[in-house]
Amino acid sequence: MQILAARLVDLDLTASEINVLANLADGRGRTISELGAAAGTRPTTLTSVLDRLERRGHITRGARPGDRRVVVIELTASGRLAAGTIRQTLAELEERALADLPAESIAGFHIVLRALAEVSA
């Protein structure tokens, strides 16, 4: 995250804010609990991150249709721009990191990542 934050210094975001925006980059709204699980962030930390992102106009918090108790986090236009920049930078870093590795090593790496994701779900 520190390397990514250094690459994205012009966005003036913390590593936690970058993490949240990256997890929203697909454009799908998330509940706070879904976003916390995806970002690996405690609810108390996530609340302050969301407060900052909302003040900066990158996200909105709204009620889920049919259940006003559930808060859904969505990107605004500026949030989509920032998330797109984050996603592109992540892809570039991944490409550079994996460029010299054989295909079978990358495939093995992806298998390990999937296994870790399954265990943590």
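Each reported figure results from applying straightforward, stated rules to the coordinates on display, with no laboratory input. Worth saying up front: this structure is predicted, and the values here are computed from it rather than measured. Neighbour counts are summed over all protein chains in view; Cβ atoms, including those assigned to glycine, are modelled from backbone coordinates with ideal geometry.
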Where residues in the range 23-79 are of a type in the set (Ser, Thr, Tyr) and outside any loop (DSSP other than H, G, I, E, B), which of them is nearest to Glu118 (Cα to Cα)? Ser33
Take the residues in the range 70-113 that are among the basic types (Lys, Arg) and closer than 22 Å to Asp12 by Cα, then tell me which one is nearest to the chain's Cα centre (by Cα). Arg87
Checking Arg42 against (1) basic (Lys, Arg); (2) touching a residue at least 60 places away in the same chain (Cβ under 8 Å); (3) surrounded by fewer than 16 Cβ atoms within 10 Å (Cβ to Cβ), which single condition isn't satisfied? (2)
Among all residue pairs at least 6 apart or on different chains, which show Cβ distances below 9 Å where the first residue, located in the range 72-101, is among the acidic types (Asp, Glu) and the second is assigned to a helix (DSSP H, G or I)? Glu74/Leu24; Glu92/Arg7
Would the range 87-108 turn up any residue that is closer than 20 Å to Ser120 by Cβ and among the hydrophobic types (A, V, I, L, M, F, W, C)? yes
Yes or no: Arg61 without any contact (Cβ under 8 Å) to a residue 60 or more places away in the chain, basic (Lys, Arg) and surrounded by 12 or more Cβ atoms within 10 Å (Cβ to Cβ)? yes
Candidate set from the range 1-39 (those that are of a type in the set (D, E, K, R) and touching a residue at least 24 places away in the same chain (Cβ under 8 Å)); member that is surrounded by the most Cβ atoms within 10 Å (Cβ to Cβ): Glu17
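Please work out which residue is nearest to Arg52 (Cα to Cα), limiting yourself to the range 1-22 and to residues that are in a helix (DSSP H, G or I) and of a type in the set (S, T, N, Q).
Residue satisfying both the conditions and the ranking: Ser16.
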Residues located in the range 66-86, provided they are β-branched (Val, Ile, Thr) and either within 11 Å of Val20 (Cα to Cα) or in contact with an Asp or Glu (Cβ under 8 Å, 6 or more places away or on another chain) (or both): Ile73, Ile86
